[in-house]
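Q: This is the structure I have questions about; it appears just below.
Please treat every number below as a calculation from the coordinates, not as lab data. Owing to the predicted nature of the structure, the values given are computational and were not obtained by experimental measurement. Glycine also receives a Cβ, built like all others from the backbone with ideal geometry; neighbour counts cover every protein chain displayed.
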Amino acid sequence: MRRNSRSLLLATGLVAALAAGPLAVPASAAPPVPASAGATAGPDGEALAAAIAGLPDQDATAALLRVGGDGTWRGTAGVRDVRTGAPALENGRFRAGSVTKVVTASIVLQLAAQGRIDLDGTVQRYLPGLLTDEFSPITVRQLLDYTSGLRPGASLGDTVEDGYPHRFETLTPRQVVAASVAQGPADAPGARQEYGNIHYTVLGMLIEKVTGDTYAHQAEVRIFRPLGMRHSSFPAGADPRIHGPHNRGYDWIDGKLVDVTDWNMTDRFAAGDLISTNADLERLLVGLFRGRVVPEPQRTEMFTLPDVPGARYGAGLERFELNGRVIWGKTGSRPGYATVIAATRDLSRTLVYSVDSTDAKGDGLAVAQRFAFPAFNR
């Protein structure tokens, strides 16, 4: 959540806010860039164009949208860099945040299909010594659907403001998990669904243990190369940069708009460390739903909710209902970047977007209402 000073500043508009911060430029140096959009055969093009009109504004500096299925729509608006006012890059790379979990779940389910992982096998079996005797057996399936009962792990800051001074520090997956284990279990395994990074951090460690390989390389050979995701990668170690063409990400910190693009994401690992593009994530989404990534019956796990109250997540995917449609997808956010992949099960409508949101780590509802909801208007 933002602090009160941010809300007061936003009322004066983006230009006045920029004038108050370290990225200040004259208003004429960074004018809004007109949206560029493709044909609208099926989606509500008027609503989508309205969503990205006027960028940059107080909520976002850029937006990249791809809508597909029965008809397509493409839209790009905003700026690549608020200092120069250069137009946003349609194919720019960005941090995809928790969309990473779709990649992680896919790798685990591939390994299950190959007989190398048993979804009913336990963490205690695959990663002996990771958990203390205080923990009941936790299955791989319970990690995949967030019912493991593990508490959140270590963090370098719960908000962008708190994390920013530590953005170049390293927190390893083992340190993250050790902090979780030290707190003891939150629930009995399988009793409650509690979304969080800790489940997928452990899954990343499990992938490395079972394969004897790095998580990043397994993602490359199992997901990226087969799907032609040529612009998707994970940072090398603690490298805080996004390599290749990208739009800068910004966030409000203490009343100033601050560039938060460079950030060491080691603590996110298999839960949120992915760098990608809209085109690549569309390949992932379509390939997954068409059965090219995970074979049956393992793919069914992604569309199956656990039998616990209020469950919304399967293995890697979340179930939404919007305008009478059931939609499956995943949201992701990192400082400066908000990402969504979503589709109807039959792929009659698909959506992928990256928004350079200035409150990407907020609750995300305003961004979704503006950029995601119009894609499923009709």
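Q: If you count the DSSP beta bridges with both ends in the range 4-376, what percent of them are antiparallel, to the nearest 5?
A: Here the share of antiparallel DSSP bridges comes out near 100 percent.
Q: What is the distance, in nm, between label points placed 7 Å from the Cα along the Cα-to-Cβ direction at Tyr195 and at Asp118?
A: So the label points at Tyr195 and Asp118 sit 3.2 nm apart.
Q: Distance in nm between label sites at Glu134 and Glu296, each 7 Å beyond Cα in the beta-carbon direction?
A: Here the modelled spin labels are 4.4 nm apart.
Q: Let me ask something else. Between Ala179 and Thr304, what is the label-point separation in nm under the 7 Å Cα-to-beta-carbon projection?
A: Label at Thr304, label at Ala179, 3.4 nm between them.
Q: Rounded to whole Hz and in sequence order, give me ³J(HN,Hα) for the range 67-80 from the Karplus expression 6.51 cos²θ - 1.76 cosθ + 1.60, θ = phi - 60°, writing x for Gly and Pro.
A: Values, residue by residue: 10, x, x, 7, x, 10, 8, 10, x, 9, 8, x, 10, 6 Hz.
Q: Here is a follow-up. Quick one: grab the alpha carbon gyration tensor of the range 137-275, order the square roots of its eigenvalues as a ≥ b ≥ c, and give me rounded if a/c is under 1.5, else prolate or oblate depending on whether a/b is larger than b/c.
A: Judged from the Cα gyration tensor, the range 137-275 comes out oblate (a/c at least 1.5, b/c at or above a/b).
Q: Determine, for the chain, the count of lysine pairs separated by eight or more sequence positions (or lying on different chains) whose alpha-carbon distance falls under 23 Å.
A: 5
Q: With n ≥ 4 as the cut-off for DSSP H runs, can you work out [θ] at 222 nm for the chain, using -39500 (n - 2.57) per run divided by the number of residues, rounded to the nearest 500?
A: Result for the chain: -6500 deg cm²/dmol, rounded to the nearest 500.
Q: Here's a follow-up. Could you size up the charge dipole of the range 258-378 around its Cα centre, putting +1 on the beta carbon of Lys and Arg and -1 on that of Asp and Glu, and report it in debye to the nearest 20?
A: Here the size comes out at about 500 debye.
Q: Further question: Residues with amide H under 5 Å of Lys361's amide H, sequence separation 5 or more or different chain, H placed in the peptide plane at 1.01 Å from N; which?
A: For Lys361, whose amide H was placed from the backbone, the distant partners under 5 Å are Gly336.
Q: Could you give each residue of the range 297-311 its phi-based ³J(HN,Hα) in whole Hz, using Karplus coefficients 6.51, -1.76, 1.60 with θ = phi - 60°, and x for Gly or Pro?
A: x, 4, 4, 4, 4, 6, 10, 10, 8, x, 7, 9, x, x, 4
Q: Moving on to the next point. Let me spell out the model: positive unit charges on the Cβ of Lys and Arg, negative unit charges on the Cβ of Asp and Glu, origin at the Cα centre of the range 77-147. What dipole size does that give, in debye rounded to 20?
A: Computed charge dipole of the range 77-147: roughly 400 debye.
Q: Amide H to amide H, which residues 5 or more places from Leu322 or on other chains are under 5 Å from it, using H placed in the peptide plane?
A: Ile327
Q: Rg (Å, one decimal) plus Dmax (Å, integer) for the alpha carbons of the range 4-376?
A: Taking only Cα atoms of the range 4-376, I get Rg and Dmax of 20.3, 63 Å.
Q: Rounded to whole Hz and in sequence order, give me ³J(HN,Hα) for the range 282-294 from the Karplus expression 6.51 cos²θ - 1.76 cosθ + 1.60, θ = phi - 60°, writing x for Gly and Pro.
A: 5, 4, 4, 4, 5, x, 5, 5, 8, x, 8, 9, 10
Q: Ignoring solvent entirely, what values of log10 I(q)/I(0) come out of the Debye formula for the range 40-125 at 0.12, 0.14, 0.24 Å⁻¹ when each Cα is a single scatterer?
A: One equal scatterer on each Cα of the range 40-125 leads to -0.60, -0.69, -1.18.
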